[in-house]
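Structure, as structure tokens:
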Ligand SMILES: Nc1ncnc2c1ncn2[C@@H]1O[C@H](COP(=O)(O)OP(=O)(O)OP(=O)(O)O)[C@@H](O)[C@H]1O
Ligand SMILES: [Mg+2]
């Protein structure tokens, strides 16, 4: 009958996440090693947005990421854009150190009508730029302000308006709406605090414990508190109050760097499949070669940045030389081993003329294969020939 309803008493589980949020979480975890706190906060805010529970007159989320260099702050933002929009280029990056003077601010918001160069300047922070990567399904923007401690007063004022009202007024008085944006701000501030004598121990100890697979919640909290306190001392309260989440990124330990090494090696292999002058080949490292790269690439102070530089220097540059000197060609299998003096890597060709489907079996499943030549599936040989032919 009309107006009747059934009373029940079913217990609900508010800790359960929706599938969209779960997808985001697993994508972030695949791309960024450690830094679970940041993953959790991004997923929470995204879930609030999906549920329509966010504050409508503000950006979807305002995040402040603190912590040492090379710990994944920028990578986390890129990974979020990659997961939600499918393109890291969707992140609008503002390096605050580059916008110190008023004429530089004009690059961000354009100059008022009548000013010199008014017509030529296309503001970096226009609505078109923010909406550029919107898709039919996902209308989100990602804005990253790097090194905010270097922002000038003028930039600071712009930032406060964006964080509070999701509005930016351009030089010509047009308004830019940031209510569909996730705003990320980064600073190394927490890092210098962590490396102070008493907490320097904490950071080093945290990395050592991570290496041993130990999670010390108290130590983590101590580092986080040091970061947040440093931020409170440095930034005015009206700024801190506008931030939804302050996350302190932890220094990376050996266990994390080991995982990042695997991710980075896959990225190098993917690059070879995507380009390498159109002649895809496979490289495999021996266990000793991996350990060597890890050893050379471990530096507490510079985190994964040092590891990436080491991979470039010891692996990517030599491979590039081998490609351009035509010692390595499409369809080759290159074995990378620890050299006889144990002080460098050596490169051997251990197979050639491999068709694409054989290469596919050798690499990680997450790697996208090079475009398959039409004849490849029928004739493995044809693929090899196609892979070898284009030479510049
Ligand atoms: N936690 C991580 N997981 C996976 N890769 C990482 C991680 N941290 C760093 N990297 C790798 O190192 C590179 C540099 O890291 P990233 O740019 O995120 O550092 P950052 O914390 O923003 O440092 P900075 O304060 O110097 O800007 C990334 O592009 C990524 O390849
Ligand atoms: Mg960064």
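A short reminder: the numbers here are calculations on the coordinates, not readings from a lab. Source: prediction; values computed, not measured. Reconstructed Cβ throughout: ideal geometry from the backbone, glycine too, with neighbour counts over all protein chains shown.
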Once you keep just the Cα pairs under 8 angstrom separated by 6 or more residues, what percentage relative contact order results for region 41-196?
36
So the FRET efficiency between residue 9 and residue 55, C-beta based with R0 = 41 Å and rounded to 0.05, is 0.80
Based only on other Cβ atoms within 10 Å, what is the fewest-to-most ordering of 224, 366, 320?
366, 320, 224
Test of understanding: what is the full-extension gain from residue 107 to residue 271, defined as 0.36 nm times their sequence separation minus their Cα-Cα distance?
55.7 nm
When only alpha-carbon atoms are used, what values of Rg and Dmax, in angstrom, describe region 50-158?
15.5, 46
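Quick check on region 255-388: of the DSSP beta bridges with both residues there, what percent are antiparallel, nearest 5%?
60
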Would you mind getting me the FRET efficiency between residue 324 and residue 368? Use the beta-carbon distance for r and R0 = 30 Å, nearest 0.05.
0.80
Spin-label pair residue 173/residue 288, simplified geometry with 7 Å Cα→Cβ offset, distance in nm
7.4
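Classify region 255-388: rounded, prolate or oblate, from the alpha-carbon gyration tensor (a ≥ b ≥ c, eigenvalue square roots; a/c under 1.5 rounded; otherwise prolate if a/b is larger than b/c)?
prolate
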